[in-house]
Amino acid sequence: MAFDETDWGGQLMRVGKWLLAAIGVAASNASAWAQDAVGRPLPWEIGMQKSYSPIKDAVVSLHNEVLVIITLITLFVAVLLGIVMVRFSAKKNPVASQLTHNTWLEVAWTLAPVLILVIIAIPSFRLIYYEDRTADPDMTIKVTGHQWYWEYSYPDNGNIDIESRIILDEDLKPGQLRLLDVDNQLVIPVNKRIRVLETSGDVIHSFFIPAFGVQRYAIPGRTIETWMEADKTGTFYGECNQICGTNHSRMPISVKVVTQPEFDAWIKEQQKAAGLTQQQKVAMR
Ligand SMILES: [Cu+2]
């Protein structure tokens with residue numbers, strides 16, 4: 001699949017920033033943010049977050065295709081309305097037509113929308129199956145939603161298990177993002193296909209990372225699969241986006257994408273902290 005790289009959100013943001021600068025308002029406090037925060041929301045953003053993964057490229061591409069179709073439909077309906085208002089106004093057309101049925105016209109205006117929906121459905125289903133499963137992943141992580149934190153397990157790396165909780169407002173350090181930064185990040189290697197298996201320990205949560213185009217329910221008693229592949233190192237932010245209780249807004253996702261050697265070093269550190277024995281380490285091989 002070839003995906004259009006047009007970044008409408010970025011374009012709109014640039015226009016917004018320019019307008020604000022023109023009236024003398026500081027458009028963004030980007031410098032105050034952590035330097036490596038790559039996938040994160042920005043002030044005055046209208047479109048989607050910039051893409052940093054193949055799935056998100058596909059999402060943006062489908063979005064642009066559908067945008068063309070709905071724009072054409074809207075223009076077509078607007079033109080028809082204009083014609084009706086001018087040509088069939090009470091002034092110009094005092095005697096209304098008594099016509100109530102026209103079989104061919106009715107067949108046409110039923111079939112045309114059906115065809116348009118089929119045209120949209122084909123790339124849409126293609127995308128659903130594309131993000132559903134990855135053929136040969138480089139590694140697997142398991143994501144478990146809890147009220148109200150995330151748990152990340154690395155079954156390929158000795159079942160390391162980390163819990164990730166929000167940094168509360170009063171504990172925020174300079175450069176940390178409110179409602180987005182966490183104590184323990186999900187760490188993954190760059191340019192690697194990562195199979196994500198999701199489940200929940202209590203209620204339904206949803207694992208959502210806009211920059212990777214990842215959005216999947218975490219449902220208790222079920223395991224749901226998706227995948228992600230980051231094409232840039234840095235920090236990427238997401239949130240639980242399924243209403244899951246009082247602190248639904250207090251379970252952000254922060255992903256640290258690092259190089260493979262950095263990832264290996266991090267895994268070793270975690271194994272040491274978890275106190276894995278040599279026997280367990282050998283068994284993992
Ligand atoms: Cu949740």
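The values are calculated or read from the model by the stated rules, or taken from the named source; none is laboratory data. Here the structure is a predicted model, which is why all the values come from computation and not from measurement. So basically every Cβ, Gly included, is an ideal-geometry build from the backbone, and we count neighbours across all protein chains shown. Side chains included, ligands, DNA and RNA excluded: accessible areas come from the protein's heavy atoms. Shrake-Rupley method; radii C 1.70, N 1.55, O 1.52, S 1.80 Å.
Before moving on, here are some points about what is shown:
- Dipole magnitude (debye, nearest 20) for the range 190-282, charges at Cβ of Lys, Arg, Asp, Glu: 160
- Sequence-ordered 3J(HN,Hα) estimates for the range 115-125 from the Karplus curve with 6.51, -1.76 and 1.60 and θ = phi - 60° stand at 4, 4, 5, 5, 4, 6, 5, 4, x, 5, 5 Hz, glycine and proline given as x.
- Accessible surface area normalised per residue over the range 137-285 is 48 Å², counting heavy atoms of protein chains with a 1.4 Å rolling probe.
- Take the Cβ atoms of residue 132 and residue 83, set R0 to 41 Å, and the FRET efficiency comes out at 0.40.
- Backbone N atoms of the range 110-136 closer than 11 Å to the 7 Å Cα→Cβ label point of residue 76 belong to residues 110-117.
- Prolate/oblate/rounded call for the range 130-268, Cα gyration tensor, a/c under 1.5 rounded: oblate
- Charging the Cβ of each Asp and Glu at -1 and of each Lys and Arg at +1, and nothing else, the dipole of the range 128-285 about its Cα centre rounds to 260 debye.
- Of the listed residues 227, 266, the order by accessible area with a 1.4 Å probe, largest first, is 266, 227.
- An oblate overall shape is assigned to the range 167-209, the ratio a/c of its alpha-carbon gyration tensor axes (a ≥ b ≥ c) being 1.5 or greater and a/b not exceeding b/c.
- Kirkwood radius for the range 44-148, taken over all pairs of different Cα atoms as the inverse mean of 1/r, rounds to 18.9 Å.
- Cα-centred dipole magnitude for the range 55-197, charges only on beta-carbon of K, R (+1) and D, E (-1), debye, nearest 20: 1040
- Protection proxy ranking, peptides 212-222, 151-161, 74-84, average beta carbon neighbours within 10 Å, highest first: 212-222, 151-161, 74-84
- Inter-label distance for residue 90 and residue 110, nm, one decimal - labels placed 7 Å from Cα along Cα-to-Cβ: 3.4
- Taking the range 174-273 and dividing mean pair separation by its residue count, relative contact order in percent (alpha carbons under 8 Å, at least six apart): 34
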